[in-house]
Amino acid sequence: MRRWPQAETIEVGDEWSAPDLLEVYMSGREKQSAFTKTKHERCEGGRAFSILHQIFSNWPPPVHLSAPAGRKDCNAPESKGVPVRAHRTLAVSLTFALMLAAPTAAVAAKRLIIGGSTSVLPLQQKLAAAYHHQFPHIPEPKVEGGQSDIGIAGVASGKFDIGDSSRDPLSTDPHGLVFTKIARDGICVITNDKNPIPNFSQEEIQKIFSGTIRDWGEVEGAKVSGPIELFDRSNASGTQDAFKNIFMGEDLAISPAASAENSNSEEQNAISAAPGAIGFVSFAYTQGVHAANYQGVACSLRNARSGQYGGVRNFWMVSKGAPKGEAAKYIAWVTSGNKTTKNIINSSWIAVH
Amino acid sequence: MSAEAFPPAVPPAAPPHPREARRQRHAAQLTAHRKEAARDRRVEFALGTLAAGTLALIAAMLVTVLVNGWPSFEANGLGWFGNSGDPVLQFRAMQVGTALPGHPLLYFSAWPLIWGTLLCTIGAVVIALVVSTLAAIFITEFAPLPVRRVLEPVVRLLAGVPSVIYGLVGLLLLAPWVNSLISIPRKESVQYVVQLSGEGLLTATLVLTVMILPIMIALISGALAAVPATWREGSVALGVNRWRTIWRVSVRAARPAIVSATVLGTARALGEAIMLAMIGGGRPWAPNPLDGLTFLFEPIQPLAASIVKEFGDNPNTPIGHTVYAIAALLLFSAALLSLAGWAVRQPLKRYGIGI
């Protein structure tokens, strides 16, 4: 009882009855909230409750009153719905949010998300840009990296619409995936620019990468001395898979002492930084490092196209089941063999369509 | 709808007895009070649901990780924490599906990962603790006001930089420089065992230190600034010189905050995955301190970086079980860290500025 406000604090005249008092009290209490009333205005007289309140509340409809003369009437038009600063802020921020959301909502076609092999990445980026250039109303597909295994698993889990793979399908891959070949690519064995070794035979590569030969002194044509620094790729890489299949063969494994890099560009960077380094990258990543010949054949696009260079592997686009919708359109465009795609693929890769 | 239409207007009745009026006034207040109480209960229920939902999410995460990682612990027993094999070969065996001779497919010995994590985390935290305490003392006590006004926002800005940036800077700038420090004879001395390069324990620890410094500086300088001026003034009034006052009064009072900052920094260092995957060296190896200076250049692959590198998103494959087991270990160490931080802070809170 003592906590409740004393009767003397309610400024009303003596002629008010209990329902009137209740109304006044309620209107006086509720005007504290910034969302219902402006701050420093007291109004008097019963509030006309909203239609919802009248329908759903258990109260009897309150008595409508007008304010005594000289006092501001709660039901007068000017004291109803006075715009509050909070209301204005809400309106402005909602408008901004809708403005930002509108462009994305307005785009009718879905944006494709493509991800996976870092070897396929440069090719896929160029293809996506050309696709958007040719069909401006279709949003440009978003291309990510992450290595081949991640692309394949991503397609199976739905994270990607299309996956990129630079290795052939394996039995351990998830079921129900469809691999569509889009190009062929070469793998070059690279060394630092300070160590431009002219040629490697397959036997030499196998011995170096398996750890049998550990010093540059044992390799003919080496311009640096000291221990060989091996650079491998991590287990999720398709390039590593292709390298193992093509260069190392079935029985040999890459030495566990090798440093495992996470992408083609990291491998390229690592080898360009260390004079005694050797590793393997895809064709598109041979700037700043020396690409050695393999079995007497230069690691070049022409040799790969003619079939002379042995280190060539397939690029695949992976979809869950047969490609559908936007993904089907994109894959069909890439594999159609039209002039745009042919030009792009032939710039650094080998076309198959 | 017009104000007059509904409800119908009723003119005010005759004034009642004052006692009656008072009773009715109190009834009105009671109803209003009850309405407010009901609203409070509804809000409490809504907020409680949100909090319980967060807890349920964390519990679900914990249970998922433990359940999916259990097969790896079961197959290896306590040998999971041992050093009986090379994790590179073990990961490869799990990836390909061919078990190593004489071992099950889930065979795994995580000691190189655990040791690498311990080394780089403890190293980074110790260096960061010293540097951040001194930097915080400088910012709060010695820096002139213009310098302080620049330093504080800059430190907070650095705390928000994504860790991949640090990794990139470390890879492109620090690693080649560290590589130039390693002489060829040193590389040759261990060439049949491990490959030394610019990416190794030293680079990883240094970049990790730089990464956890800003948050620690921000926390400790905040706590130092909150030390009551009366305490410092009292100390100076007793004749204690400036540095001693700072060290014996301010820093001593900020000890709970320093412990909190250390715990936060350690947690961040423990969880750092992508950056350490880039500059750790790419090989899970347990550096041997008895190697002397070579120890600093040996590669490491901490626990979180291993989760990033060994892609095990399918929890039904052997590599998935192993990765989830590593995650379970990380969660457990994070919980242990939290507990340790709380336990260390308890006795310090009596005379300190807690946060």
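Read the figures in this text as sums done on the coordinates, not as results from a lab. Predicted model, so just to flag it, every value in this text is computed and none were measured. Cβ coordinates were reconstructed from backbone atoms using ideal geometry, including for glycine residues, and neighbour counts include every protein chain displayed.
Observations on the model:
- In Å, descending, principal axis extents of the Cα set of region A:276-353: 49, 25, 21
- Range of Cα positions in region B:112-166 per principal axis (Å), largest first: 48, 23, 9
- Sparse-neighbour loop sites [trypsin sites (Lys or Arg not before Pro); region A:299-331; at most 12 other C-beta within 10 Å; DSSP]: A:Lys324
- As computed over region B:9-118, the Cα convex hull volume per residue (Å³): 222 Å³
- Counted by Cβ distance under 11 Å from B:Arg92, the other residues give a net charge of -2, where Lys and Arg count +1 and Asp and Glu count -1.
- Legend: distances between Cα atoms for A:Lys142/B:Lys309; A:Lys142/A:Lys207; A:Lys244/A:Lys329; A:Lys207/A:Lys320; pairs beyond 32 Å are A:Lys142/A:Lys207; A:Lys244/A:Lys329; A:Lys207/A:Lys320.
- Cα-based radius of gyration for chain B, normalised by 2.2 N^0.38 Å, reads 1.46.
- Neighbour cut-off at most 15 other Cβ (10 Å), DSSP loop, GluC sites (Glu not before Pro), region A:231-275: A:Glu250
- Within region A:218-280, the proportion of C-alpha pairs whose separation exceeds 15 Å stands at 53%.
- Percent breakdown of C-alpha pair distances by 10 Å bin, ordered from the shortest bin, for region A:126-220: 12, 28, 24, 22, 12, 2
- One equal scatterer on each Cα of region A:105-175, no solvent, Debye formula: the resulting log10 I(q)/I(0) at q = 0.16, 0.22, 0.27 Å⁻¹ is -0.56, -0.90, -1.13.
- Debye log10 I(q)/I(0) at q = 0.22 Å⁻¹ for region B:255-302, Cα point scatterers: -0.81
- Mean residue ellipticity (222 nm) of chain B, computed from DSSP H runs ≥ 4 via -39,500 (n - 2.57), nearest 500: -21500 deg cm²/dmol
- Note on region A:114-353: antiparallel DSSP beta bridges, both residues inside, total approximately 65 percent of the bridges counted.
- Taking the square roots of 5 times each eigenvalue of the Cα gyration tensor of region B:276-355, largest first, gives ellipsoid semi-axes of 32, 23, 10 Å.
- Region A:114-353 - Kirkwood radius from inverse mean 1/r over Cα pairs (Å): 18.3 Å
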